[in-house]
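A.B. asks: One structure, pasted below without further comment.
Rule-based calculations on the coordinates, nothing more; no lab input. The structure presented is a predicted model; accordingly, all values stated were derived computationally and were not measured. Methodologically, a virtual Cβ is constructed for each residue, glycine included, from the backbone with ideal geometry; neighbour enumeration extends over all protein chains shown.
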Amino acid sequence: MALDFGGTLATAGASPRGRDVVAALERRLGWPSPAGLDEAVEEARAEAKAAYRRGVQTPWESILAAAWRRLGAEVPDLAAVVDAVWEAVPDAVVDPRAAQVVRTLRHSGRALVLACNTQRPIAYRRRTLAAAGLADCFDALVLSSDIGVAKPDPRFYAAVADAARGEAGCAPEAVLFVGDTLDKDVIGPRAFGMRAVLVCGGSPPPGVPDGVPVIAHVAELPDLLERWP
């Protein structure tokens, strides 16, 4: 089973902005920030967003490097800056009900893969899972920040299938993808041969394929699995 993160297991997390970079640089590292860094980071973020719409995940090191190049300033230790930024910008909070579902699924013997788009490095997402008591619940983490491609790029689902195959020896059609976004968590996985469940607390969006279950909260997933062939 492949589970999305933000909007499915957790609230939506914050994305760092230019002002967060400046604050991390000056307050956490004690380094001076060049004039105009805030604006330069926002411009680099806009370019990264455009690439993201094409399925490309731009690492924050690359975003920051682009910002410093715009200013013609000497590039600092970007790894240290990235760490300081992610220390300053908290991750999403895992829903306790969702966490209990993950533990229930794990105890049932299912292989679980966390499959999500995120800018956050994998080490920080592991920290978030550990804080929610889920450190040992996932067999694999497939994050766009780690593999460089994002949902709904087919290469993302290929990575999920590889992770599932490696852990459980299963083909794509044996993978159930669960998430809250129609194109990324339902349409994309199904095009790759997976099954899917949409998590939607309100009215389902138009275009949900026939045969795709819609649940209001991931807490409904265990009951769905019991009655769904």
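A.B. asks: If each residue's Cβ is checked for other Cβ atoms within 10 Å, how do CYS116, CYS170 rank with the fewest at the top?
C.D. replies: So the ranking, lowest neighbour count to highest, is CYS170, CYS116.
A.B. asks: Before rounding to the nearest 500, sum -39500 (n - 2.57) across all DSSP H runs of length at least 4 in the chain and divide by the residue total; then give [θ] at 222 nm in deg cm²/dmol.
C.D. replies: The helix contribution divided over the chain gives -12500 deg cm²/dmol.
A.B. asks: What is the Cα centroid distance between the range 26-72 and the range 97-170, reported in whole angstrom?
C.D. replies: A separation of 27 Å, based on Cα centres.
A.B. asks: What dipole magnitude, in Debye to the nearest 20, does the range 1-142 give about its Cα centre under +1 on Lys/Arg Cβ and -1 on Asp/Glu Cβ?
C.D. replies: Dipole size: approximately 500 debye.
A.B. asks: Let me ask another. When only Cα pairs under 8 Å and 6 or more residues apart are kept, what is the percent relative contact order across the range 18-88?
C.D. replies: So the answer I get is 38 percent.
A.B. asks: Shifting gears a bit: Expressed in nm to one decimal, what extension gain is obtained for the pair ARG28 and SER15 from 0.36 nm per residue of sequence separation less their Cα-Cα distance?
C.D. replies: 2.9 nm
A.B. asks: So for the range 75-117, what percent of the C-alpha to C-alpha distances run longer than 12 Å?
C.D. replies: Every Cα pair in the range 75-117 considered, those over 12 Å come to 74 percent.
A.B. asks: Here's another thing I want to ask about it. Taking the chain as a Gaussian network, Cα atoms linked when under 10 Å apart, which of SER62, SER108, SER33 shows the biggest mean-square fluctuation?
C.D. replies: Looking only at SER62, SER108, SER33, the largest GNM fluctuation is found for SER108.
A.B. asks: I've got another one for you. Relative contact order, percent, of the chain when contacts are C-alpha pairs under 8 Å separated by at least 6 residues?
C.D. replies: 22
A.B. asks: Additional query: Any idea what log10 I(q)/I(0) is at q = 0.10, 0.18, 0.21 Å⁻¹ for the range 1-106, Debye with uniform C-alpha scatterers and no solvent?
C.D. replies: Each listed q corresponds, in turn, to -0.37, -0.89, -1.06.
A.B. asks: Can you find, among GLY55, TRP68, ALA35, the residue sitting farthest towards the positive end of the charge dipole of the range 18-88, where Lys and Arg contribute +1 and Asp and Glu -1 at Cβ?
C.D. replies: So the residue furthest toward the plus end is GLY55.
A.B. asks: State, to one decimal in nm², a quarter of the convex hull surface area for the C-alpha atoms of the chain, i.e. the direction-averaged projected area.
C.D. replies: For the Cα atoms of the chain, the hull's average projected area reads 12.8 nm².
A.B. asks: As I understand it, the dipole of the chain uses +1 on the Cβ of Lys and Arg and -1 on the Cβ of Asp and Glu, about the Cα centre. Which of ALA130, VAL89, LEU78 lies farthest toward its positive end?
C.D. replies: ALA130
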